[in-house]
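As structure tokens, the structure follows; a few thoughts come after it.
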């Protein structure tokens, strides 16, 4: 038992007379005379040897499971250090996520962007959806690209006049010309549409 008011003590024992000497020894644990006594009374040696083996095994198990105060302090210190390391990792992770959120660009239609994976350049057609995918017009195709895989080159507002029709950026010249001709009532344009429909 560990307590500041407790101390180990033992009483001396006369092995010849099997009686106590009534002499108190402070700070020392007494020696067990159990085996010496049973041998003196001629107990069977087999029983005594089995008891000794059992006691030795039991003492080894106790020694293996015994943890000193110093060991406890060391384990507690290691636990606290590990806990602190985990906390620091979590803080660092949150800071990185926060930094990524701060760097997120709100892409708008017409923005010129670079694909980080391929170094290709395209134009934003639709801003990020709920999955953080941005629709980019690239090589006459519309592709959904994760926002974090894009780099802003220039905002649309810095590339085109305020009244510029951004939709014209996403159609080729022949399509734009056909749309223009239809709007002004060109018979040639109407015939082309009818021809295309019959071809389908």
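The values are calculated or read from the model by the stated rules, or taken from the named source; none is laboratory data. Predicted model, so just to flag it, every value in this text is computed and none were measured. Don't worry about glycine lacking a Cβ; one is built from the backbone with ideal geometry, like all the others, and counts go over all protein chains shown.
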Exercise. Those residues that are surrounded by 13 or more Cβ atoms within 10 Å (Cβ to Cβ), at pLDDT below 85 and part of a loop (DSSP other than H, G, I, E, B), I need them from region 161-189; list them, please.
Key: 171, 186
Quiz item: So which residues in region 123-154 are part of a loop (DSSP other than H, G, I, E, B) and buried (at least 17 other Cβ atoms within 10 Å of the Cβ)?
Solution: 128
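A quick yes/no check of all residues on (1) surrounded by fewer than 11 Cβ atoms within 10 Å (Cβ to Cβ); (2) outside any loop (DSSP other than H, G, I, E, B); (3) at pLDDT below 75:
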site	(1), (2), (3)
23	yes, yes, no
29	yes, no, yes
36	no, yes, yes
53	yes, yes, no
63	yes, yes, yes
67	yes, no, yes
77	yes, yes, no
99	yes, yes, yes
Quiz item: For residue 158, all conditions in the list (1) modelled with pLDDT under 90; (2) part of a helix (DSSP H, G or I) hold save one; what is the number of the exception?
Solution: (1)
Exercise. Hey, could you check region 105-122 for residues that are over 14 Å from residue 170 (Cα atoms) and without any contact (Cβ under 8 Å) to a residue 24 or more places away in the chain and say which is surrounded by the fewest Cβ atoms within 10 Å (Cβ to Cβ)?
Key: 119
